[in-house]
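A short write-up of the structure that comes next.
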Amino acid sequence: MDHAAEAHRTDLMTITRFVLNEQSKHPESRGDFTILLSHIVLGCKFVCSAVNKAGLAKLFGLAGETNVQGEEQKKLDVLSNEVFVKALISSGRTCILVSEEDEEAIFVEPSKRGRYCVVFDPLDGSSNIDCGVSIGTIFGIYHMKDGHESTLDYVLQPGKNMLAAGYCMYGSSCTLVLSTGTGVNGFTLDPSLGEFILTHPDIKIPKKGTIYSVNEGNAKNWDGPTAQYVERCKFPKDGSSPKSLRYIGSMVADVHRTLLYGGIFLYPADKRSPNGKLRVLYEVFPMSFLMEQAGGQAFTGKQRALELVPKKIHERSPIFLGSYDDVEEIKALYAAEEKE
Ligand code: AFP
């Protein structure tokens, strides 16, 4: 019997235990972040279970549709939003919530107010639900100083000021990837225990990858640097092999693959959408935070993505993120264009 392996299997590092360990390194900590995270984890478990049952329960029906029992059904993204908003407010640790699903930010009432601002997309990639493709929840967390008034300025901050960011992917397994600013760790839900267990400690993205990921259907509207970069992926000038193309169209799934296998994910600006498609607060920032923490880079075409200062809560930005060397290459192409 391999006792070492056995000991490893029986000594389960749950996400709560992991965060409590981290917390113990900060004696001044009051445990509020651990409580907040446990409410996010609860939301993820609920959405995971709802996504798994979607086909059976016909949860993917249109919002407001009624099922055979005559009960009103909610679309899965509407339901996920409700679950996260309620879980976050009931944690008693949040003050401002910005959700992809809600036009306006939610200011938590004073009796339930805490010090964290959470920006999130409760179910990103929801146009993929009906065909069973992996989708996910993305979140970023800002911290408000004691005694400060909760104003929108707290969420209109550069992504580098985030305290933590992560995503939960609902795929063949349910995986939660988290960074609290000291590296990136991945936890997989063990359905029999109902616990997220550390399965991907200290994720580091390969320095250079062999995959590029972009919606090539938009190619006719791309700017020069993006078009040149993708051309180089297919016809490298340095004698290396062409890169493989992988594109799911669900950011969590595309970014998860990029983080684990390396490569680059691009959602550039184009002539029709000069700001790209992806939202700064709850898509671009959290994923850029994770990429940098894993040793990669994230660039908007103009600047380091995490330096961007959003002016509106639902603002969009172009984004190029992934392996350090691959992002370096696209940065060089934009720099060259600017010089001309
Ligand atoms: P949906 O939530 O509408 O499916 O959009 C998903 C998404 O915001 C992001 O997850 C994808 O990376 C991106 O859009 C895909 O966009 P395209 O369909 O334009 O390629």
### Task
Confirm whether GLU338 is at pLDDT below 95 and in a helix (DSSP H, G or I).
yes
### Query
Restricting to region 208-232, what's the tally of residues that are away from the ligand (no atom under 16 Å from the Cβ), in a helix (DSSP H, G or I) and not charged (D, E, K, R)?
5
### Query
Which residues, counting only those in region 98-130, are part of a strand (DSSP E or B), under 28 Å from ALA54 (Cα atoms) and out of contact with any Gly (no Cβ under 8 Å at 6 or more places or on another chain)?
VAL98, SER99, ILE106, ASP121
#### Entry: Which listed residue is assigned by the TED database to the domain that holds VAL119, at pLDDT below 90 and touching a strand residue (DSSP E or B) at 6+ places or on another chain (Cβ under 6 Å), from GLU65, GLU72
GLU72
### Task
Scan region 106-123 residue by residue and report those that are in contact (Cβ under 8 Å) with a residue 40 or more places away in the chain and closer than 24 Å to VAL284 by Cα.
PHE107, ARG115, TYR116, VAL118, VAL119, PHE120, ASP121, PRO122, LEU123
### Message
Based on this model, can you work out whether LEU266 counts as under 16 Å from TYR334 (Cβ atoms), within 16 Å of the ligand (Cβ to nearest atom) and at pLDDT 95 or above?
### Response
yes
### Query
Can you name the condition, by its number, that ILE205 falls short on among (1) outside the structural domain of VAL47 (by the TED database); (2) within 16 Å of the ligand (Cβ to nearest atom); (3) among the β-branched types (Val, Ile, Thr)?
(2)
### Query
Which condition number does PRO274 fail, the rest of (1) more than 25 Å from CYS131 (Cα to Cα); (2) modelled with pLDDT of 95 or more being met?
(2)
### Query
Are any residues in region 246-284 surrounded by fewer than 24 Cβ atoms within 10 Å (Cβ to Cβ) and more than 30 Å from PRO201 (Cβ to Cβ), and if so, which ones?
ALA269, ASP270, LYS271, ARG272, SER273, PRO274, ASN275, GLY276, LYS277
### Criterion (within 13 Å of the chain's Cα centre (by Cα), within 15 Å of the ligand (Cβ to nearest atom), on the phi < 0 side of the Ramachandran plot and aromatic (Phe, Trp, Tyr)) met by exactly one of PHE289, PHE285
PHE285
#### Entry: Hits in region 234-257 - residues which are part of a strand (DSSP E or B) and either away from the ligand (no atom under 16 Å from the Cβ) or more than 20 Å from GLU329 (Cα to Cα) (or both)
SER244
### Task
Pick out the one residue from GLY183, GLY166, GLY140 that is surrounded by fewer than 21 Cβ atoms within 10 Å (Cβ to Cβ), in contact (Cβ under 8 Å) with a residue 40 or more places away in the chain and either within 16 Å of the ligand (Cβ to nearest atom) or more than 18 Å from LEU36 (Cβ to Cβ) (or both).
GLY183
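The values are calculated or read from the model by the stated rules, or taken from the named source; none is laboratory data. Bear in mind that the values here come from a model prediction, so they are computed numbers and not experimental data. We place every Cβ from the backbone using ideal geometry, glycine too, and count neighbours over all the protein chains shown.
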